[in-house]
1. May I ask which of Lys80/Lys131; Lys79/Lys132; Lys12/Lys80; Lys101/Lys140; Lys79/Lys140; Lys118/Lys140 have a Cα-Cα span longer than 22 Å here?
2. Around Ile117, under 14 Å between beta carbons, what's the net of Lys plus Arg minus Asp minus Glu among the other residues?
3. What are the principal axis extents of the Cα atoms in the chain, in Å, biggest first?
4. Arranged by the count of other C-beta atoms within 10 angstrom, fewest first, what order do Asp230, Asp177 take?
5. Mind sorting Cys207, Cys105 by how few other Cβ atoms lie within 10 Å of their own Cβ, fewest first?
6. How would Ser8, Ser222 line up from fewest to most surrounding beta-carbon atoms within 10 angstrom?
7. State, as an integer percentage, the relative contact order of the chain based on alpha-carbon contacts under 8 Å between residues 6 or more apart.
8. With the cut-off at 1.5 for a/c, could you classify the range 170-244 from its C-alpha gyration tensor as rounded, prolate or oblate?
Amino acid sequence: MSANFFESSHFKRWLLNVDDNKREGDENKVETPSFLDDNSIRRLHTYFIQLIQRVGTLLRLRQRAVATAMVYFKRTYTKKYKFTDLHPLLVVTVSLLLASKVEECEVRCRYIVEALIKALENERTSRHEAKKIRMSAIIKCELLILQSFSLDLIVFHPYRPMLDFARDAKVSSQAVDFAWNIINDSYYRTDICFGYPPFLIGLAALCVSCSYTQHDITSWLSNLENVDYDAVRVCVLFVFSFDE
């Protein structure tokens with residue numbers, strides 16, 4: 001695993017341009033199906049990302065592993081595949097499987113599918129589709145996803161940088177918990193993870209959290225070095241856009 005974000009495949013190949021929650025991508029970006037507009041695509045992504053969280057909770061996975069699965073799901077539909085190419089429920093399953101391996105908390109396919117079915121217990125049609133998932137389809141989908149990622153499986157998250165910043169700034173546990181939830185929401189509602197380094201997202205989450213919890217960290221911020229405050233401001237705007 002690359003210990004340095006700026007030497008990682010995450011930095012070199014998976015920081016794309018984002019603008020107002022829309023993927024810019026590159027020349028390989030897939031086209032949106034004609035029957036799905038941008039708002040529909042965004043709602044679908046939000047739904048399946050939240051489903052990953054529900055399944056991860058049932059499996060008692062660490063939040064880092066769940067967040068990695070969310071990033072894998074987003075990456076799958078960023079450059080090569082459309083929702084009509086690979087069934088989202090299958091991609092949810094494979095994303096969780098790969099994330100559990102990479103984050104060293106591996107879960108068997110059978111348990112992931114069982115948790116997926118349970119998470120969909122109130123959604124009859126989707127639950128029926130989940131029951132159709134077979135091991136052969138999981139293996140095939142896993143190979144397709146690995147190929148589309150070029151085996152880039154290491155994902156850096158904002159959680160650890162945010163905790164380091166919070167410790168250095170000596171903020172309360174309340175502010176830390178709030179910032180943690182903000183980071184969770186960033187995966188649900190935006191593609192900010194494709195646009196900015198995790199440490200900037202973590203810092204922005206902490207700034208917003210301290211604003212809400214009335215912790216003044218202005219003096220601490222002024223002493224930080226090598227920080228792109230314009231990028232932090234953009235990340236803060238993303239955070240404030242969550243509820244729109």
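1. Over 22 Å Cα-Cα: Lys80/Lys131; Lys79/Lys132; Lys118/Lys140.
2. Neighbourhood net charge equals +4.
3. Largest first, the chain extends 56, 38, 36 Å along its Cα principal axes.
4. Sorted ascending by nearby Cβ count, the order is Asp230, Asp177.
5. Cys105, Cys207
6. Fewest-to-most ranking of Ser8, Ser222: Ser222, Ser8.
7. 22
8. Oblate, because a/c is 1.5 or more while a/b does not exceed b/c.
No value in this document is a laboratory result; all are computed from the given coordinates. It should be emphasised that the depicted structure is a prediction, and the values quoted were computed from it without experimental measurement. Cβ sites come from the backbone with ideal geometry, for glycine too, and all protein chains shown count toward neighbours.
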